[in-house]
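The values are calculated or read from the model by the stated rules, or taken from the named source; none is laboratory data. Every value quoted in this text rests on a predicted model; they were computed, and no experiment measured them. When we count neighbours, we look across all protein chains shown, and the Cβ atoms used for this are built from the backbone with ideal geometry, even at glycine.
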Amino acid sequence: MKIAFYAPLKPPSHPQPSGDRLMARSLLSALRDAGHDVSLASQFRTWDGVGDSERQLRLKDIGNKLGHRLLRRYAQENAAPDLWFTYHVYHKAPDWIGPLVCAALSIPYVLAEASYAPKQTKGPWRIGQEQCRRCIRSAQALISLNDQDLPCLRTVMDPKCMLVDLKPFLLASELEPVRNVRAEVARKWNLPEDVAWLVCVAMMRPGDKLASFARLARALQQQVDQPWHLIIVGDGIARDRVEELIAPIRDRTTMMGLLDRDRVFSVLKACDVYVWPAVNEAYGMALLEAQACGLPVVAAATGGVARIVAHEQTGFLSDDDDEKSFSAYIRQMITHPRMREAMGQNALLKTRREHDYAQAVRVIAQALQRLRT
């Protein structure tokens, strides 16, 4: 099939790395490897981070104009898609283009990772929320990457809509054997080799990411009597604030800034434990990447994180706001190297067994085939 792909929150071509961009690129690759001719329909971002109704109306107007422009182009070039595939729709980033195009062309509309929050119906994102509801209602298939979204989705989706369960996955090239690169990383960054290396990979921006950095800093201040070193990979507009938060542990922290993906994976493979409070995370692609590198994880059980991290098997999950337990779990990982090594092996096996790229390609291919029959 010819498939038009669209990601209204962040297009796969966006320059800023994130889990959302990674998942968009992974889905694009999976659709192509399933045998489809996939094109990026638009790079238009509909994200409104502050709840500005005037901005939402402007985005709606732009989206409608872009949709009609696409229809004219498809007609002129005789290049209409057979199916529209949108990734990640919610009240802050609705899809204003896909439903319009699908209605005009009478083609299936597929949503991957849609979420619906009833409490936003009368809130500052009510315009985006209403369009999100329309998107979900008009979808012929909903691909769920986070089972925590399902109860609310079921209240608005069409009863005839096909619901597809798809666990988050990584590209096949990112599930390579783990090799020992600790000495190499230690030399490059002048790191102490005789302590536990704790690591997190995250953008530094206000909101949930900054809240996670704050919780992590507080937790590690409770572990100053233990042998550890923190490695932070990432950067962003809130870097100065992150540096303020980690000031009490700055002499035991290395901030590596932004690294390309190969270097990120090298650093992960050299570390001992991935630590991240995961404040309001949907599921956390970085947690999946860490486990693919054989790292156990200490995180909070927010959103769909429990789909990625198996508590007491591939790591530890504290309750969302339980900072005391989060800190205690980090201590356990530091003080029990054999336990963290066993959990790391479990994490590696779980990733290859449950988050396999080839399996994701099959699930997507089967779902789209059902829409054709």
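Looking at the structure I just gave you, is V363 in contact with a helix residue (DSSP H, G or I) (Cβ under 6 Å, 6 or more places away or on another chain), closer than 30 Å to L31 by Cβ and β-branched (V, I, T)?
Criteria not met by V363.
Quickly run through segment 347-361 and pick out the residues that are touching a residue at least 40 places away in the same chain (Cβ under 8 Å) and in a helix (DSSP H, G or I).
Within segment 347-361, A347, L348, K350, T351, R352, E354, Y357, A358, Q359, A360, V361 qualify.
Kindly evaluate S29 against the criterion of being within 21 Å of L166 (Cβ to Cβ), of a type in the set (S, T, N, Q) and not in a loop (DSSP other than H, G, I, E, B).
Answer is yes for this residue.
Identify all residues within segment 189-219 that are more than 25 Å from the chain's Cα centre (by Cα) and at pLDDT 95 or above; write none if there are none.
Across segment 189-219, the qualifying residues are W189, N190, L191, P192, V195, A196.
Looking only at segment 156-166, count how many residues are of a type outside the set (K, R) and either assigned to a strand (DSSP E or B) or closer than 13 Å to L371 by Cβ (or both).
5
What tally of residues in segment 254-295 results from selecting those that are surrounded by fewer than 24 Cβ atoms within 10 Å (Cβ to Cβ), at positive phi and modelled with pLDDT under 95?
Count: 2.
Would you call G294 in contact with a Pro (Cβ under 8 Å, 6 or more places away or on another chain) and either in a helix (DSSP H, G or I) or in the same structural domain as H229 (by TED's automatic domain parsing) (or both)?
no
Which residue out of L57, L111, L66, L70 is modelled with pLDDT of 95 or more, surrounded by 20 or more Cβ atoms within 10 Å (Cβ to Cβ), in a helix (DSSP H, G or I) and not charged (D, E, K, R)?
L70
Return only the number of the condition from (1) crowded, with 22+ Cβ neighbours inside 10 Å; (2) of a type in the set (A, V, I, L, M, F, W, C); (3) free of Cβ contacts under 8 Å to residues at least 12 places away in the same chain that A75 does not satisfy.
Single failed check for A75: (1).
Scan segment 307-334 for residues that are at pLDDT 95 or above, closer than 17 Å to K167 by Cβ and either in contact with a Ser or Thr (Cβ under 8 Å, 6 or more places away or on another chain) or not aliphatic (A, V, I, L, M) (or both) and jot them down.
H311, Q313, T314, G315
Quick one: would you say L100 is in the same structural domain as P11 (by TED's automatic domain parsing), free of Cβ contacts under 8 Å to residues at least 40 places away in the same chain and either in a helix (DSSP H, G or I) or more than 24 Å from the chain's Cα centre (by Cα) (or both)?
So L100 passes the test.
Output the residue which, of all residues in segment 239-253 that are of a type in the set (V, I, T) and assigned to a helix (DSSP H, G or I), is surrounded by the most Cβ atoms within 10 Å (Cβ to Cβ).
Ranking the qualifying residues of segment 239-253, first place goes to V242.
For (1) part of a helix (DSSP H, G or I); (2) out of contact with any helix residue (DSSP H, G or I) (no Cβ under 9 Å at 6 or more places or on another chain); (3) surrounded by fewer than 21 Cβ atoms within 10 Å (Cβ to Cβ); (4) on the phi > 0 side of the Ramachandran plot, each residue gets a yes or a no:
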| position | (1), (2), (3), (4) |
| --- | --- |
| Y116 | no, no, no, no |
| G123 | no, no, yes, no |
| L142 | no, no, no, no |
| L150 | yes, yes, yes, no |
| R154 | yes, yes, yes, no |
| A186 | yes, no, yes, no |
| P206 | no, no, yes, no |
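Just to verify a result, which residue in segment 73-96, among those that are more than 16 Å from V38 (Cβ to Cβ) and part of a loop (DSSP other than H, G, I, E, B), is modelled with the lowest pLDDT?
Of everything passing the filter in segment 73-96, N78 is modelled with the lowest pLDDT.
Name every residue in segment 44-87 that is over 25 Å from Q140 (Cβ atoms), over 27 Å from the mean Cα position of the chain (by Cα) and hydroxyl-bearing (S, T, Y), in order of residue number.
The answer is none; no residue qualifies.
Just checking, which of L31, L9, L27 is buried (at least 21 other Cβ atoms within 10 Å of the Cβ) and within 17 Å of K92 (Cβ to Cβ)?
None of the other options fit; the residue is L9.
Which condition does T314 not pass, out of (1) over 16 Å from W276 (Cβ atoms); (2) touching a Lys or Arg at 6+ places or on another chain (Cβ under 6 Å); (3) β-branched (V, I, T), if it passes all the others?
Of the numbered conditions (1) over 16 Å from W276 (Cβ atoms); (2) touching a Lys or Arg at 6+ places or on another chain (Cβ under 6 Å); (3) β-branched (V, I, T), the odd one out for T314 is (1).
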